[in-house]
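The values are calculated or read from the model by the stated rules, or taken from the named source; none is laboratory data. Just so we're clear, the structure is a prediction, and the values are computed from it rather than from any experiment. Cβ placement follows ideal geometry from the backbone for every residue including glycine, while neighbour counts extend to all protein chains displayed.
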Amino acid sequence: MEASGWDRVEELFHHAADLAPAERAAFLDRACGRDAKLRREVESLLATDIPHDRLFQEVINRTIHRPPEEPEETCSMTGQRIGPYAITGLIGKGGMGDVYHAVREDDFRMPVAIKLLRRGAGTETALRRFRTERQILAGLRHPNIARLLDGGATDAGLPYLVMEYVEGAPLLEYAAALPVRERLELFRAVCSAVHYAHQRQIVHRDIKPANILVTADGIPKLLDFGIAKLLDPPGGAGGTATATGAQLMTPDYASPEQLRGEAVTVATDIYSLGAVLYDLLTGQKVNRVTQTCSSGGVEETDGERRQRRRAAEHLDPDLDRIVLKALHRAPEQRYASVEEFSEDLRRLLEDLPVQARRQSLLYLGRKFLRRNRLPVVAATAIALLSLALGMGLRRLGAPVPGLDANLRSIAVLPLENLSGDPGQEYFADGMTDALIGELARIRGLRVISRASTVAYKGARRRLPEIAHSLRVGTIAEGSVLRSGDRVRVALRLFDAVGDRPVWSGSYEGELRDVLAFQSRVAAAVAREIRVTLTATDRARASSDPRVNLDAYDTYLRGRQALFRSTVEDIQRAIQLFQQALGIEPNYALAYSGLAQSYITLSGMYLRPREAMSKAKAAAARALEIDPGVAEAHFSMGVVQGWYEFQWEQADREFKRAIELNPNDAMAHLWYGQSMISTGRAMEGVEQMRIAHDLDPLSAFVETGLGQMYFLSRQYPLAIQQLRSVTASDDTFIEGHTWLGAAYLYTKQYAEAVGELERARQLDPQQSQPMAYLAYAHARLGARQAADRLLRQLKELSHSRYISGYLFAIVCVGMNSDDAIDWLEKAYAERDDMLSWLKVDALFDPLRGEPRFQQLIRQVGLDSAAHL
Amino acid sequence: MTRPPSVTRLLIEWSQGNHSALDQLTPHVYRELHALARRSLLRGRPNQTLQPTALINELYLRLIEQTQTIEWESRSHFFGIAARLMRNVLVDYSRAQSAAKRGGAAVAVTIEQAEPLAFDRTPDVLELDEALSRLAERDQRKANVIELRYFGGMSREEIAGALDLTVPTVKRDLRLGEAWLRRHLAGGG
């Protein structure tokens, strides 16, 4: 039929269909005339026109929801015999074969379950293997394992297995009405069964709720232990169905590696146990869409992720962590054994710290105190510290998928400068900084420091990737357009977990009100990511401080210079901050910036006496104007600790600074260092970890961590840590300097020389690489080279400040008696490196000296441990 | 490290003619669909009939949510893709099931093998799929409308919006298209 004919058919069909049936014939007579074919076509269609018919709906319906196969009413096998067993009924039908209820002919009291396979075992070899495996499995005797009793082959050559008959309810059904505690206990019984088998090198391979029955006495019994392997043809990949069709029906509890057909290990069972536990606790199956059989994997949809999180949200956070650890995609990240898994559950039940929890020492402390309200004794602290150090800090802080789900975290990417004028770049950067600063004040929100986000300036990276690297749930990005006295900020929030934008907004305001404006933007962002603002936060956000536009502008330029941190830049920053203060004399933030600048220059370029006294004055002035400036408290702490050696006062300032702004990575870093210097290594570790969390990409934090390792004499960790710093940025001078220094502690002088030379190559004028290099040469016996460096250092000290601590290091390397003299000179200068004196192993040869002991007292490190 | 392509990515690639993208998508969407079906069942009432439309709508919501960040050429393009995907999924699923029933011999059911349809037997999705393909040869738009209606679970109004048609046109297309399909499925050519 021609296309035009079809149009005609359509026209007539509709016309006729609208008529009463009785009128149709007459209509078609008229319309079709002698065209019988047309008429037949229209009539046949009218005949199958059934309005309100649900046929097609039904077709779809049936496909989606196939009714379960009706269990056969009668069992054709009933009465038949398999070996010495008489079949008494059908229990169920499975993929491999059917399971029958049977009794042993000579012992009617003992009911058994017989699994009769549909397929033959094949060759003689296969049968022999089957027998061997069967015997191993029959050796499993555990109260929570349904025993394999017997097995063989029928006359027709079909293998069968005889198992203990368990009368009970499926796990999920049984547990549905139980409180969580009892579910966990039930689950731990299953774990004990699996662990028992694992000790005998037997992996279950197919742990799922359907394989766990709970008897009327409440005893769970695990069925089909090792059967999956038994039924696997020799040389088979791993007991999983991998046919294309079966790919659509992935087992709900199989591990990712199992689905990929890889080797099945203990970790596989741990995963499956985790999946069962998840189901047991949430009533839902873990969605494993991320794991596909095909090589081209497909990501979990955000819907699933949300759903999984939603289900998990009802869980105790520790329980959540335990489950997620067991369900880790990477087998090596899961529990090492079922016993560990079960042990963590026990600890949870008894309110002890669980292993799956990120090993935050604060957390451990809290848990410890909750359980046992006795003073924490030093021995415990030392034990915990060695645990933390031994495990490697970086790993402790490493992201475990899902763990941070509840933690609101955000990274503000450098805002784009839309003005088209590169000279306005500083303004966009300043705005980014200010926004970060405002957000950082909000409690309960983890804000990534600028140092870590600046790497993404102008980078066209995918947001989920960035979120992953920075380990945040939310990313803010946007642009700034400044036009005269007006500024416009457009911001977009991106939910990295849901992989979608969640909010966007734009704000326009006058530069005069810029602070209030920033607070407003920050408050809006906070609202969007549902962080509750405390009353203080809100008060801050609603306060309406106004600054002079020029002062603000100058201040921003100063911040930008300070952020660069070459000597020239910092001198420029000082100028700019002072200029801002010339315009606006009561500008607390400008004073704070000044304090930070001087602290940065102290020891590096200016003599501490000069720099630190200026820093102190600036910080004090800032606090006088506004006691709420967190950064000024932090600066004050640094001055009091590293310059005045008043560690207790420093401690108070750091606490206050962190209270005001919990998100300043540098404050945590310095606070951590002060704790390590004063012998509170455990808390120091925690502070360092927080700094690392807040600034995951910062080379400074990474390096600080490395220093902390060698100061606490964890040399392999120190070297590992610092190596990773140099590996990720070969041009970062401090990385090479401190890696070189770390090698000195392990007496790997040749390696030390290599790193220190590299640092010198990057900046020949830096004093630290020079001093450590001199030490290395001296230890290697290259006296001349050491002397030459010492001379250079001395020459350099005419034009700028060089720490006496560094000279002392060179002298110790040369076994020169001048070392203590130099340290005393350093003390006279109030040199900040002296904070290391108590812990630095390079000075171990001097520790017995009374003058050295006196120095330790002078720098306030003898008594600081009680802090 | 390369990450597996996202559903969104795959949808786009497929819409741009990359057929292997569909191969990767299908099991995913199938799982989604299946999981939804299972969940609905688990919510209680195991004997209650599922509402496939609701189910498909839920799946849609997920897909659409996932793809909000992308500018789709048009709404219809998206709905077309989703409904087509659903059709594929159901067909594959149905094939896999028949294959399993026949002991693993996976053979696509062709129209020659299909029994002549009597109205006392509900056709399966494979037959519907085939009939729909025949209809598309005759009238592409009607096939699209029906695909969106049944595989996409969309209302007439939504279809009208997606395909830029009027609602009465959609109604008429459905009526004639369905009549044609019924006739075809009944063996009436």
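Can you find even one residue in segment A:204-216 that is surrounded by 20 or more Cβ atoms within 10 Å (Cβ to Cβ), hydrophobic (A, V, I, L, M, F, W, C) and under 30 Å from the mean Cα position of the chain (by Cα)?
Scanning segment A:204-216, I find at least one residue that is surrounded by 20 or more Cβ atoms within 10 Å (Cβ to Cβ), hydrophobic (A, V, I, L, M, F, W, C) and under 30 Å from the mean Cα position of the chain (by Cα), so the answer is yes.
Given the condition at pLDDT 75 or above and assigned to a loop (DSSP other than H, G, I, E, B), answer yes or no: does some residue in segment A:189-200 qualify?
Checking segment A:189-200: at least one residue is at pLDDT 75 or above and assigned to a loop (DSSP other than H, G, I, E, B).
What tally of residues in segment A:150-169 results from selecting those that are touching a helix residue (DSSP H, G or I) at 6+ places or on another chain (Cβ under 8 Å), surrounded by fewer than 19 Cβ atoms within 10 Å (Cβ to Cβ) and modelled with pLDDT of 80 or more?
Of the residues in that region, 1 qualify.
Taking segment A:491-526, which residues are in a helix (DSSP H, G or I), modelled with pLDDT of 70 or more and small (G, A, S)?
The answer is A:A516, A:S519, A:A522, A:A523, A:A524.
Keeping to segment A:605-620, report how many residues are farther than 21 Å from A:R557 by Cα and either in contact with a Leu (Cβ under 8 Å, 6 or more places away or on another chain) or surrounded by fewer than 20 Cβ atoms within 10 Å (Cβ to Cβ) (or both).
Step one: filter segment A:605-620 for residues farther than 21 Å from A:R557 by Cα, giving A:605-613, A:616-617, A:620.
Keeping just the survivors that are either in contact with a Leu (Cβ under 8 Å, 6 or more places away or on another chain) or surrounded by fewer than 20 Cβ atoms within 10 Å (Cβ to Cβ) (or both) gives A:605, A:607, A:609-611, A:613, A:617, A:620.
Residues that pass the stated criteria total 8.
Let's see how each residue does on (1) at pLDDT 55 or above; (2) out of contact with any His (no Cβ under 8 Å at 6 or more places or on another chain):
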position	(1), (2)
A:I212	yes, yes
A:D224	yes, no
A:L230	yes, yes
A:G239	no, yes
A:Y253	yes, yes
A:R288	no, yes
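Six or more apart or on different chains, Cβ under 6 Å: which pairs go from a residue in segment A:763-788 that's closer than 12 Å to A:C811 by Cα to one that's at pLDDT 90 or above and β-branched (V, I, T)? Could you list them?
The qualifying pairs are A:A771/A:I809; A:A771/A:V810; A:A774/A:V810; A:Y775/A:I809; A:Y775/A:V810; A:A776/A:V753.
Does B:A179 qualify as being free of Cβ contacts under 8 Å to residues at least 12 places away in the same chain, of a type in the set (A, V, I, L, M), assigned to a helix (DSSP H, G or I) and within 8 Å of chain A (Cβ to nearest Cβ)?
Numbers: free of Cβ contacts under 8 Å to residues at least 12 places away in the same chain: yes; of a type in the set (A, V, I, L, M): yes; assigned to a helix (DSSP H, G or I): yes; within 8 Å of chain A (Cβ to nearest Cβ): yes.
Considered against the rule, which asks whether it is free of Cβ contacts under 8 Å to residues at least 12 places away in the same chain, of a type in the set (A, V, I, L, M), assigned to a helix (DSSP H, G or I) and within 8 Å of chain A (Cβ to nearest Cβ), B:A179 comes out as yes.
Quick one: count up the residues across segment A:19-49 that are acidic (D, E), at the interface with another protein chain (Cβ under 10 Å from one of its Cβ atoms) and assigned to a helix (DSSP H, G or I).
Within segment A:19-49, residues that are acidic (D, E), at the interface with another protein chain (Cβ under 10 Å from one of its Cβ atoms) and assigned to a helix (DSSP H, G or I) number 1.
Of the residues in segment A:816-836, how many are closer than 28 Å to A:M708 by Cβ and over 45 Å from the mean Cα position of the chain (by Cα)?
Adding up the residues that qualify gives 6.
Let's see how each residue does on (1) in a helix (DSSP H, G or I); (2) surrounded by 15 or more Cβ atoms within 10 Å (Cβ to Cβ); (3) in contact with a His (Cβ under 8 Å, 6 or more places away or on another chain):
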| residue | (1), (2), (3) |
| --- | --- |
| A:A750 | yes, no, no |
| A:E755 | yes, yes, yes |
| A:Q768 | yes, yes, no |
| A:A785 | yes, yes, yes |
| A:L789 | yes, yes, yes |
| A:E795 | yes, no, no |
| A:F807 | yes, yes, no |
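Among B:Q97, B:Q113, which is modelled with pLDDT under 75 and not in a loop (DSSP other than H, G, I, E, B)?
The conditions single out B:Q97.
Could you check how many residues of segment A:641-660 are touching a residue at least 24 places away in the same chain (Cβ under 8 Å) and either within 30 Å of A:S797 (Cβ to Cβ) or buried (at least 23 other Cβ atoms within 10 Å of the Cβ) (or both)?
The total comes to 9.
Consider B:A143 carefully, then state whether it is surrounded by 20 or more Cβ atoms within 10 Å (Cβ to Cβ), modelled with pLDDT of 85 or more and more than 10 Å from chain A (Cβ to nearest Cβ). Write out each step before concluding.
Numbers: surrounded by 20 or more Cβ atoms within 10 Å (Cβ to Cβ): yes; modelled with pLDDT of 85 or more: yes; more than 10 Å from chain A (Cβ to nearest Cβ): yes.
Answer is yes for this residue.
Sort through A:I802, A:I856 and tell me the only one that's β-branched (V, I, T) and in contact with a Ser or Thr (Cβ under 6 Å, 6 or more places away or on another chain).
Just a single option satisfies the conditions, and that option is A:I802.
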